[in-house]
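**Q** The structure is given below, and queries will be raised subsequently.
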Amino acid sequence: MSPNEDGKVPNENDGDKVCGQKTTKERRSGGADSIKCAIEDPDDNDRDKDYQPNHPQFTRPRFEPRSPHPQWSDLTRLALEDPDDSDRDKDYQPHPDEESQSSQSEASASGSQDERPRKRLRKVAEWKRTKAKAFQNTWKQYQGKRGEVQEQRVKMSTNSEITGKNSPEEAELAEKFKTEANEYFKKQDFNKAIELYSKAIDINPNVAVYYGNRSFAYLKTECFGYALTDASKAIELDKSYVKGYYRRAAAHMSLGKFKLALRDYETVTTARPNDKDAKAKYMECNKIVKKIAFEKAIAVDDCKKSIADSINLENMVIEDEYLGPKLEDGKVTEQFMKDLMESYKKQGKLHRKYAYKILLDVKQLFMSQPSLVDIKIEDKNKFTVCGDIHGNHESQTMNQMYGFEGEVKSKYTAQMSELFTEVYNWLPLAHCLNSRVLVMHGGLFSRDDVTLDEIRKIDRNRQPPEDGVMCELLWSDPQEQQGRAPSKRGVGVQFGPDVTEKFVELNKLDYIIRSHEVKNEGYEKAHNGHCITVFSAPNYW
């Protein structure tokens, strides 16, 4: 998908396939029919065109009581003409029928002082006051709800104006920035593309495509939180913008929110049933959701059996025709590594027995190490840091997203893919050089009191959590501003120079080294030299 496409439905006949949000009932029922259309007059700006203020339908609420009692006409008058007059019955004149009844009562009791007719009249008056008050409250509720509906319609009408109030010159300038950003995107200069998309949005903030394209660029730079926000904004501006749903689904997938991603992929595949890429993403996400549900259903308290324990290397036979690299006495040597690299350059494949052997040995090595590994370096020696050990890409979610899991399954087996997950779970989280320099993948924490001892005690043999010290070690990023801010990635935090200063002072460190961000020069110093980002493959895009 090229970022300069607007993502619209190609013709009017397909318009009814472009979908918006589901209702609660439709989400529960599922299926393509449960998705509501959003392209055919989504804001219905003409819904009030037949409104006539003086028409009887609008001057009297349709739910007005229609009692056959003769006093209802007087009751309506009392409620509408003088609803708040507490003395509305002081000049009360009874209905003619009541007068005749009263006269008859008086005649039948001539000369008597019978108070029953007067009591009856007082009861009638009290009854009318009660009914009038009830009618008044009902009428106020009706008027209030009607006002809320009208206000909501105005908001919907305002949001539906995609072009906003920008002048033609401003709209043209915004398009110019978008076109220039698209060219940088094609060159894989995503940061520059984001800068230019942002300028287009500043000029004309009501165009869905600008947010959709910037969301795509954020996905490329792994700013999943920003990508999610932009995609949602694009959908808010234009519910028929299919790429908005596609971008939001990708952001949800990257954050491990598979059910939310599945809903958006379902919207895309319904709108574009012939899009093979969208269908493949939908199928992949659907499998993950079902797998998680199945594992949850069969989960037991006992620990899951290790994949490593089920592998029997002795039963694996190396065929005579295999000509690839071979381990020497079951060990990885320098010559083996040189032969392996040459084999990979020729699209060769390491024998599965050797691959399993290496993974099993590496797992045993990692299991013997703590979560924070201390490294001692002699003063006369030189130590080069080219990156970290454990990053966020070793999680199962990222391996699924970026194709590693699929590649292992296609070249070897699903069992080996699960073994990789076990090995990655045991990767140490950080290293400390001579008790003076801390090396991690992401960054610092949402708390100021985190110590090196706390990092050492982390139980890392699991998938990275969504928050906490372990999560932040893998996901956080530095920022120029003081203090902390929500992460642009949607996971972890962004930390300022003051946070870094407090951490190194508390733990008696000189500085920290981290990766996690592309730096064109291969590294970058920040926070007064206390935070160094090392990225030894700046051209990996």
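The values are calculated or read from the model by the stated rules, or taken from the named source; none is laboratory data. Remember, it's a predicted structure, so these values are computed and weren't measured experimentally. Every residue, glycine as well, gets a Cβ built from its backbone with ideal geometry; the counts of neighbours run over all protein chains shown. The protein model used for the area step is the full one, side chains on, heavy atoms only, and it has no ligands, DNA or RNA in it. Shrake-Rupley method; radii C 1.70, N 1.55, O 1.52, S 1.80 Å.
**Q** Quick check: at a probe of 1.4 Å, how many percent of the accessible area of segment 414-525 sits on carbon and sulfur atoms?
**A** The nonpolar share, carbon plus sulfur, comes to 46 percent.
**Q** Also, quick follow-up: For segment 441-512, with only Lys/Arg (+1) and Asp/Glu (-1) charged at the beta-carbon, what is the dipole magnitude about the Cα centre, in debye rounded to 20?
**A** Dipole size: approximately 260 debye.
**Q** HN-Hα J couplings of segment 382-395 from phi, Karplus 6.51/-1.76/1.60, θ = phi - 60°, integer Hz, Gly and Pro as x?
**A** 10, 10, 9, 9, 10, x, 9, 9, 10, x, 6, 6, 7, 6
**Q** Quick check: the distance between the Cα centres of segment 410-467 and segment 164-227, to the nearest angstrom?
**A** 35 Å
**Q** Let me know the shape class of segment 217-368, please: from the alpha-carbon gyration tensor, a ≥ b ≥ c as square roots of the eigenvalues, rounded when a/c is under 1.5, otherwise prolate if a/b is greater than b/c, or oblate.
**A** Prolate shape, in that a/c is at least 1.5 and a/b is the bigger ratio.
**Q** Spin-label point model (7 Å from Cα, Cβ direction): what's the ILE377 to ASP202 distance in nm?
**A** 4.1 nm
**Q** Keeping every protein chain present and rolling a 1.4 Å probe, give me the accessible area per residue for segment 228-295 in Å².
**A** Result: 44 Å² of accessible area for each residue.
**Q** Considering the zone a paramagnetic label at SER306 would reach in this model (a point 7 Å from Cα along the Cα-to-Cβ line), which residues of segment 360-399 have amide N under 17 Å from it?
**A** What the label zone holds, given the 17 Å backbone N cut-off, is 360-371.
**Q** Shape of segment 175-215 from its Cα gyration tensor (a ≥ b ≥ c, root eigenvalues): rounded if a/c is under 1.5, otherwise prolate when a/b > b/c, or oblate?
**A** Prolate.
**Q** Using 0.36 nm times the number of residues separating GLN136 and GLN481, minus their current alpha carbon distance, what extension gain do you get?
**A** Length gained between GLN136 and GLN481: 118.5 nm.
**Q** Then there's this: Which value, in Å² and to the nearest 10, is the accessible area of GLU328 when all protein chains are kept and the probe is 1.4 Å?
**A** Per-residue accessible area (GLU328): approximately 90 Å².
**Q** Turning to a different aspect of this structure: Using a 1.4 angstrom probe on the protein heavy atoms only, line up PHE177, PHE336 by accessible area, largest first.
**A** Listed by decreasing accessible area, they come as PHE177, PHE336.
**Q** Counting only protein chains, not ligands or nucleic acids, how are ARG129, ARG352 ordered by accessible area (probe 1.4 Å), most first?
**A** Sorted by accessible area, descending: ARG352, ARG129.
**Q** OK, next. For CYS531, what residues show an amide H to amide H distance below 5 Å, using hydrogens built from the backbone and excluding near sequence neighbours?
**A** ILE512, ALA526
**Q** Using a 1.4 Å probe, what is the accessible area per residue for segment 386-426, in Å²?
**A** Computed with neighbouring chains in place, this is 44 Å² per residue.
**Q** Residue-wise, which Karplus ³J(HN,Hα) couplings in Hz belong to segment 447-453, taking 6.51 cos²θ - 1.76 cosθ + 1.60, θ = phi - 60°, and x for glycine or proline?
**A** After applying 6.51 cos²θ - 1.76 cosθ + 1.60, I find 10, 8, 9, 6, 10, 5, 5 Hz.
**Q** What FRET efficiency do you get for ASN315 and HIS393 if R0 is 35 Å and r is their Cβ-Cβ distance, rounded to the nearest 0.05?
**A** 0.60
**Q** Once the piece of chain linking LYS502 and LYS411 is laid out straight, how much longer is it, given 0.36 nm per residue of separation minus the C-alpha distance between them?
**A** 28.0 nm
**Q** Now for a different question. Could you calculate the contour length gain from LEU323 to LYS290, that is, 0.36 nm times the residue separation minus the distance between their Cα atoms, to one decimal place in nm?
**A** Stretched fully, the LEU323-LYS290 segment lengthens by 7.8 nm.
**Q** Where Rh is the Kirkwood radius over the Cα pairs of segment 266-344, the temperature 37 °C and the viscosity 0.692 mPa s, what D in µm²/s does Stokes-Einstein return?
**A** Rounded to a whole number, D works out at 183 µm²/s.
**Q** Kindly provide log₁₀ I(q)/I(0) values, in the same order as q = 0.19, 0.22, 0.27, 0.28 Å⁻¹, from the Debye equation applied to equal alpha-carbon scatterers of segment 310-370.
**A** Those come out to -0.78, -0.98, -1.25, -1.28, one per q.
**Q** Let me ask something additional. I need the phi-derived Karplus couplings for segment 180-192: 6.51 cos²θ - 1.76 cosθ + 1.60, θ = phi - 60°, integer Hz, Gly and Pro marked x.
**A** For segment 180-192, the Karplus-derived couplings read 5, 5, 4, 5, 5, 4, 4, 7, 6, 8, 6, 5, 5 Hz, x marking Gly and Pro.
**Q** Using unit Cβ charges (K, R positive; D, E negative) and no other charged atoms, how large, in debye to the nearest 20, is the dipole of segment 324-433 about its Cα centre?
**A** Rounded to the nearest 20 debye, it is 460 debye.
**Q** For segment 239-295, give the percent of accessible area contributed by carbon and sulfur heavy atoms, probe 1.4 Å, rounded to a whole number.
**A** Carbon plus sulfur share of accessible area: 58 percent.
**Q** Here is a further query. Whenever you get a sec, line up TYR282, TYR322, TYR241 from highest to lowest accessible area (probe 1.4 Å, protein heavy atoms).
**A** TYR282, TYR322, TYR241
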